[in-house]
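Quick notes on the structure that follows.
The values are calculated or read from the model by the stated rules, or taken from the named source; none is laboratory data. Keep in mind that this is a model prediction, so the values were computed, not measured. Using ideal geometry, Cβ is built from the backbone for each residue, glycine included, and neighbour counts are taken over all protein chains shown. Quick note on the areas: whole protein, heavy atoms, side chains included, nothing else; ligands and nucleic acids left out. Shrake-Rupley method; radii C 1.70, N 1.55, O 1.52, S 1.80 Å.
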Amino acid sequence: MYIQLKTYMMSQIQQGIWKPGDKIPSENELAEQFNVSRITVKNAMAAFVNQGLIYRIQGKGSFISDSAALPLTPFEPVESLESCIAFLMPRLDNLYTANLLTGIEQELADHGYHVVFKLTHDRQEVEIKRLKELTQLGMKGIIIYPVEGETFNSEILKLTLGDYPFVIVDRYLRGLDANCVSSDNFTGAYEATKHLTSLGHTTISFLSTAITGTTSIEDRLRGYEQALSDAGLSIEYRLRLILNNHLSIYEQIKQYMLDHPDVTAIVATTSTIGLFAMKSARELNLVVPRDLSIVCFDNQEKSELSEVPLTYIDQNETNMGREAAKRVLSLIQNPIQERSILTLPCQLIVRGSTVSPNLARS
C-alpha cells in the first residue's frame, strides 16, 4: 500500500493534476481514500518532502513545491509485491507475538524479502477477509497465526487445495494437511507440571483460555494431565480454570483462588495469565512463591524488573518465526513438496516463582 500510494502521488504530480502551489489532501484524507494507516501516509509524504517535491506549512497543510514543475524521472517502485510475504496474526500486544514477528522479518530480510503483517483481532471473519485481500494482491506467500478456537477456515482450505505457499505458525489445525511450525506444547506443559510435582506440590491448577479448537492449548492440557498421572496424582476437573474472555481475567482468577484455598501451585498457559495470578495472590495476602508457586508459558516484557520473576516455558518464538519463514520460502521454490508439521523443543527456565509448598499454610 505504501508503494501504491507513492505511485499515485507521483502520478498526480507528473500529470499536472497537482500543480506547484496546490494544496494536496491531508494525511487523514489520503489514509481514508486508500484505507491505510496514517503512518503509511506520513512515510510516503516524508519521501516526497525529502525529494523537495512537497513542502509543509504548520497549521495549513502540505503543498506542491515549484521544483515539481521541472522534468521528472518517471517513478518506478524499487520493490514490488513479488518480494513481499504476509504475516497474518491475531494481535501484536505482547512479547511472544513481537518476537515471532521479529524472527519472521529477520529470516525474510536475509533472503531479500519483506514482511507485510495484518491483524485479525482474533476474529475468524476478519481472518477470512484478510486472506482474500492478500491473495488478490499477489503476495508470494503467507504465514498464518490462526485465531483462537479455530477448527476450520474455508479460505485456508482453498490455499491448501491450490498448493499456495503458506505456513501455519504457533499451532496446527486438526484434520488439515498443511505445513505448520509450532513448539512442543505437550512436552512444555509436562515439564512445567513435573517441575512442580518434583518440588512436592500435589494440588496444582491449570489456568488457560478456551481449550477446544486451539491445538496448542489442547496439547498443553494433555501434557499437564500426563505429568500429574506420572507423579501418581489424580486428575481433578475442579483444578482446571477455563477463562472467559468476556469477563475480567483478574476477577475470575481471584474468585477461583478464593474458592480453592488448597491450591499451592499453578500452571498458566500464558505469561499474562501468570501475571494476573500473581496479582490475585497479592490481593488475597498470599506470597509468591511461599504460598503459591506459578509456572507460565512465555517470558514477559522487562521480567528482570519484576519483584518475583516468573518461572516459565521458553518457546524460543524468534526461532519459531525464522523456521516458519524458511518453510514458506522453500514452498515458494517448490509449492508441491510434501507437507510437514515442524515441532520445536521448549525449555523450562526456573526463576523465583516456584519453591516447595509451605506445609504450614492455613
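Fraction of C-alpha pairs exceeding 28 angstrom in the range 1-160: 35 percent, rounded to a whole number. For the range 252-282, the residues whose amide N sits under 15 Å from a probe point set 7 Å from the Cα of E236 along the beta carbon direction are 256-267. Distance between the 7 Å Cα→Cβ label points at K132 and I57: 4.5 nm. With only the Cα atoms considered, the range 240-285 has a convex hull volume of 74 Å³ per residue.
Summarising the label geometry, the points placed 7 Å from Cα in the beta-carbon direction at S356 and N50 lie 6.2 nm from one another. Peptides 216-228, 151-163 ranked from most to least packed give 216-228, 151-163, packing being the mean of other C-beta atoms within 10 angstrom over each peptide's residues. Accessible surface calculations at 1.4 Å, restricted to protein heavy atoms, place the range 203-362 at 47 Å² per residue. Rounded to the nearest 10 degrees, the angle from helix 271-283 to the longest Cα principal axis of the chain is 50 degrees. What do you get for the angle between helix 249-259 and the principal long axis of the chain? Use alpha-carbon atoms, 0 to 90 degrees, nearest ten. For helix 249-259, the angle is close to 0 degrees.
Principal axis extents of the C-alpha atoms in the range 207-330 (largest first, rounded to whole Å): 52, 36, 33. For the pair L305 and T203, label points projected 7 Å from Cα toward Cβ lie 3.6 nm apart. Full extension of the segment from D314 to Q347, taken as 0.36 nm per residue of separation minus the current Cα-Cα distance, would add 11.4 nm.
Can you pick out the pairs among K118/K302; K42/K132; K140/K326; K6/K326 whose Cα atoms lie more than 20 Å from each other? Distance filter (> 20 Å) returns K118/K302; K42/K132; K6/K326.
Quick one: with all protein chains in place, what share of the accessible area of the range 272-352 is carbon or sulfur, to the nearest percent (1.4 Å probe)?
Numbers: 1920 of 4000 Å².
Carbon-and-sulfur percentage of accessible area, whole number: 48.
The calculated FRET efficiency for the pair N94 and Q33, based on their C-beta separation and a Förster distance of 35 Å, comes to about 0.60. The packing ranking of peptides 173-180, 307-314, highest mean first, is 307-314, 173-180, where packing means the average number of other beta carbon atoms within 10 angstrom of each residue. In this structure, I17 and D177 have a Cβ-Cβ separation that, at R0 = 56 Å, corresponds to a calculated FRET efficiency of about 0.65. Rounded to the nearest 500, the helix-only mean residue ellipticity at 222 nm of the chain stands at -12500 deg cm²/dmol, with each DSSP H run of n ≥ 4 adding -39,500 (n - 2.57).
With only the Cα atoms considered, the chain has a convex hull volume of 167 Å³ per residue.
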